[in-house]
Structures are given as structure tokens and as C-alpha cells.
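Enquirer: Before we start, here is the structure in question, set down as C-alpha cells.
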Amino acid sequence: DGNGAEIQTRQTPVGTGPTFTNPYTGLAVGVSLNTAVAARVGTHRVTYQPNLNGEPDPTGLQLRVDGNLQTLDQQGLDLGPGGRVAKAPTGNGIEIDFPDGTVLIVSSHWWADQRKWYLNLSVFHTPAQDGLMGSLAPNSWLPALANGTALGPMPVALHQRYVDLYETFADSWRVTDKTSLFDYAAGTSTSTFTVAGWPRENPPFALPQQLPVKPLPEATARKHCRVVADKQRRANCVFDVRVTGYADFVKAYLVSEKIQAGATSVDLTGEQETTQLGEDVTFTAIVTRLKTNAKGIPTGTIQFTLDGANVGVPVKLDAKGRATWEAVRLKIGTHRIAALYRPGKNSLMLPSGSLEQFHTVTGCCCDARVGAR
């Protein structure tokens, strides 16, 4: 977007056997997975990807900030004003908060047969209108190119659709060595992860030294995906499970559906940034849902933390999703305060945490005569 926030993904192909047609483009399908993600967050570069040696580790993906490996605690990692990377609210994965208010939640899943991690991305509150998730211009069948050019209506000829989508559009937004935000092992670059000509215009979609996946009957795929509530998401699930024969994609769709329905954020504010020794100060946490126009106020509790440790007992949210904590007699110095949201029992909401706030306590403001007669 215009504020400098950027999200990049890496797609990795999967070989398929029988030919399937994409219902929108009318083109034969070559399957790929999101296998890594990188983002520019303020002045920092965040990556979440497999080991740099190219061998994915079943125990998890690697998180790096500016090229340095990181582990996350319950507070997450502060990336400067309004920026943070934290654990995803659904388990495996990460959440990135951008300074402009955009929130990215990445859920990661392991496909044992293919020995690949695949990622689902959920983006909230973004002003971005460019790139792969850009909006369609009037009478245009694809988002605009990187230079702002619109490709216009969908061509009648399938060959021209292929050229527009997989050559003109794809190459326009393809990451280069100069623009890439990813981390690379010595001797590797974007070309290491580029499969020229993929997907092919015509089948087969086989890959060297890789057995193609075996598809499932459509009826079987529909049976697996019937638990996915959203109509469009369910249709996508049926398509993916049918083409790949991998029923566990259903779990990934359910996680994404849970994120869309229940993702939350916590806004923490204090009465003032600075107090004097002996003064009390009240902090207020407000929990809201990330999904725009979502109905229902989050319920549950807020655990306030002081300098990285829990302080006091969890505070129940009121009818407006708020909780307060009165800090009494904080010691002199600068303190870190945060608020962690825990949903109520049987709630559809997901846990979240605020960015840390800094509060400074100074010494006494006046002179005093002690022990005078």
C-alpha cells in the first residue's frame, strides 16, 4: 500500500494427474501451495519460511526479523510504533500487526506425503488495492499490473487468457532479487525457487522426481468439505480436495473460517504516559473483532501484564468489551504494560494481545523537610 506495507508469498507447485479446469479462467489447473511468506513492517523485514537449506522441517517453520532467527513469547515481538509479530491465535503460524492498522494472520499446516508446509493467509483492515489481492478495475477480469495498467475484459480465446494471466500479470508482480523480502541461503536466490513455465498451458502437470497426487471423486470431496460453513469457501475446499486428493485441506479451511469469524484485537490505553512516584494510573483494554461489521461483543477476561509478568487476577470484560486495571504505586522507571485477551467458555472469539505500552514513573515533584521541628 501507499504506506510501504508489503506482503509477499512463495508458491510451490504440486504435480497432478488428471486435468481439471478452473471455473473462472476456463484454463487447465496446475496446483501450487503458499509455502513461505515475507512482509515489510515499518522499517523491518519479517520472514516465515522453511529452513534455508531447502529441506522443510516437520517440527515447524522459521521466523526471522531482518534476517535474524526469532522465537516468540506471549507478548510477541515489538517492531516499533504500531508494528508487531506474535503467535497466531489458532496455534501454528504467526500474526503480523502493521503500523497502518493492517493485520495479517498466517496459519501453517504440514502435508506429510508431500513433505511441505503450506500457508493460508488472512488479511484484515488493509487499505491495499494492488498486487494479487488488488481490486478489479471496471470491465477488467484481473487486478491491475504493477504499473497500474488494467488488462480489460476476459479474452474469448483460452490462449490469450493464459498469456494475460500467467505471463503478463504474473511476471508483472513476480518477486525479483532486487524486490524480494525473503531470506536466502548462500548461493541461492529467487531463481532457485522459480519453475519456468509453470503452470503449463496444457497438461500434463507432472513434476520431475515427484509422483503426481491422486484426485478424489467430486462427491467424496463434497462429503469431506460439508463441514465448511461459508458457501464460497466450501466450493474452494471441494475443488482443492478433489484435485489433490488431500482431505486434510478441510482442516486448513476450518482454521481459516475460524480466523475470519473470531479474530480479535486489543487496544490498550493509559490515563497518562507519565506519573510521579506514589500516583496511581488506570489502564483500559478494549477488545474488538477484526472482521468488519461483525456482530457480537467479545466476552471473556483480560490478563494485564507488567514488565512481561502477569499482574493481578484476570479482569472480566464488561458489556462493551472493556476491562480496566489500576496500577498502584509503580516503582520509579519506565514500565511495559500489555493486555492479553482470553475468550469466555464456548466463545467463538479467538485470543489476542495488545501492543505493549510504555509508562514512566518519575521521582517526587517537590522539596520536603523531613524530621524538622
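The values are calculated or read from the model by the stated rules, or taken from the named source; none is laboratory data. What you see is a predicted model, and the numbers here were worked out from it, not measured in a lab. So basically every Cβ, Gly included, is an ideal-geometry build from the backbone, and we count neighbours across all protein chains shown. Keep in mind that these areas ignore ligands, DNA and RNA; they rest on the heavy atoms of the full protein, side chains included. Shrake-Rupley method; radii C 1.70, N 1.55, O 1.52, S 1.80 Å.
Enquirer: Which residue is surrounded by the most Cβ atoms within 10 Å (Cβ to Cβ), if the candidates are limited to the range 207-229 and must be of a type in the set (A, V, I, L, M) and farther than 23 Å from Arg174 by Cβ?
Expert: Per the criteria, the residue is Ala221.
Enquirer: State which residue pairs qualify: first residue more than 17 Å from Arg161 (Cα to Cα) and inside the range 134-150, second residue among the polar types (S, T, N, Q) and assigned to a loop (DSSP other than H, G, I, E, B) in any location, beta carbons under 7 Å apart, and separation of 6 or more residues or different chains.
Expert: Correct list of pairs: Ser135/Gln129.
Enquirer: So which of Thr288, Thr282, Thr305 ends up being of a type in the set (Val, Ile, Thr), touching a residue at least 24 places away in the same chain (Cβ under 8 Å), farther than 16 Å from Gln357 by Cα and part of a strand (DSSP E or B)?
Expert: Thr288
Enquirer: Asp177 fails exactly one of the following numbered conditions: (1) within 24 Å of the chain's Cα centre (by Cα); (2) farther than 22 Å from Leu207 by Cβ; (3) open to solvent by less than 40 Å² (accessible area, probe 1.4 Å). What is the number of that condition?
Expert: (3)
Enquirer: Something else now. Taking the range 234-248 as the region of interest, how many residues are in a helix (DSSP H, G or I), of a type in the set (D, E, K, R) and either open to solvent by less than 50 Å² (accessible area, probe 1.4 Å) or at pLDDT 95 or above (or both)?
Expert: The number of residues fulfilling the criteria is 1.
Enquirer: What pairs come out if I take residues in the range 12-29 that are closer than 14 Å to Asn202 by Cβ and pair them with residues that are of a type in the set (Phe, Trp, Tyr) whose C-beta lies under 7 Å away, six or more apart or interchain?
Expert: As it stands, the answer is Thr16/Phe205; Leu27/Tyr162; Val29/Phe20, since those pairs meet every condition given.
Enquirer: OK, next. I'd like to verify a number: residues in the range 65-75 that are open to solvent by less than 50 Å² (accessible area, probe 1.4 Å) and farther than 12 Å from Arg40 by Cα, how many?
Expert: Adding up the residues that qualify gives 3.
Enquirer: Based on this model, can you work out whether Lys345 counts as loosely packed, with under 12 Cβ neighbours inside 10 Å, touching a residue at least 24 places away in the same chain (Cβ under 8 Å) and part of a loop (DSSP other than H, G, I, E, B)?
Expert: It is false that Lys345 is loosely packed, with under 12 Cβ neighbours inside 10 Å, touching a residue at least 24 places away in the same chain (Cβ under 8 Å) and part of a loop (DSSP other than H, G, I, E, B).
Enquirer: I'm trying to understand the selection: among the residues of the range 94-118, which are in contact with a Phe, Trp or Tyr (Cβ under 8 Å, 6 or more places away or on another chain) and within 23 Å of Asp78 (Cα to Cα)?
Expert: Answer for the range 94-118, where residues must be in contact with a Phe, Trp or Tyr (Cβ under 8 Å, 6 or more places away or on another chain) and within 23 Å of Asp78 (Cα to Cα): Ile94, Thr102, Val103, Leu104, Ile105, Val106, Ser108.
Enquirer: Here is a further query. Which one of these is open to solvent by 60 Å² or more (accessible area, probe 1.4 Å) and either under 29 Å from Asp267 (Cβ atoms) or out of contact with any Ser or Thr (no Cβ under 8 Å at 6 or more places or on another chain) (or both): Asp57, Asp78?
Expert: Result of the check over Asp57, Asp78: Asp78.
Enquirer: What is the residue count in the range 310-342 for residues that are in contact (Cβ under 8 Å) with a residue 12 or more places away in the chain and assigned to a loop (DSSP other than H, G, I, E, B)?
Expert: 12
Enquirer: Can you tell me which of Arg10, Arg45 is closer than 15 Å to Phe182 by Cβ, among the charged types (D, E, K, R) and open to solvent by less than 50 Å² (accessible area, probe 1.4 Å)?
Expert: Within the list Arg10, Arg45, the selection yields Arg10.
Enquirer: Okay, next question. Just give me the residues in the range 255-279 being open to solvent by less than 70 Å² (accessible area, probe 1.4 Å) and either part of a helix (DSSP H, G or I) or small (Gly, Ala, Ser) (or both), in sequence order.
Expert: If the condition is that a residue be open to solvent by less than 70 Å² (accessible area, probe 1.4 Å) and either part of a helix (DSSP H, G or I) or small (Gly, Ala, Ser) (or both), then Val255, Ser256, Glu257, Ile259, Gln260, Ala261, Gly262, Ala263, Ser265, Gly270, Gly278 are the ones that fit.
Enquirer: For the range 129-145, enumerate the residues that are open to solvent by 20 Å² or more (accessible area, probe 1.4 Å), modelled with pLDDT under 90, over 23 Å from Arg289 (Cα atoms) and not in a helix (DSSP H, G or I).
Expert: Of everything in the range 129-145, those that are open to solvent by 20 Å² or more (accessible area, probe 1.4 Å), modelled with pLDDT under 90, over 23 Å from Arg289 (Cα atoms) and not in a helix (DSSP H, G or I) turn out to be Asp130, Ser135, Leu136, Ala137, Pro138.
Enquirer: Kindly check whether there is at least one residue in the range 117-128 that is free of Cβ contacts under 8 Å to residues at least 60 places away in the same chain, open to solvent by 30 Å² or more (accessible area, probe 1.4 Å) and either of a type outside the set (Val, Ile, Thr) or over 19 Å from Tyr48 (Cα atoms) (or both).
Expert: No: the range 117-128 contains no residue that is free of Cβ contacts under 8 Å to residues at least 60 places away in the same chain, open to solvent by 30 Å² or more (accessible area, probe 1.4 Å) and either of a type outside the set (Val, Ile, Thr) or over 19 Å from Tyr48 (Cα atoms) (or both).
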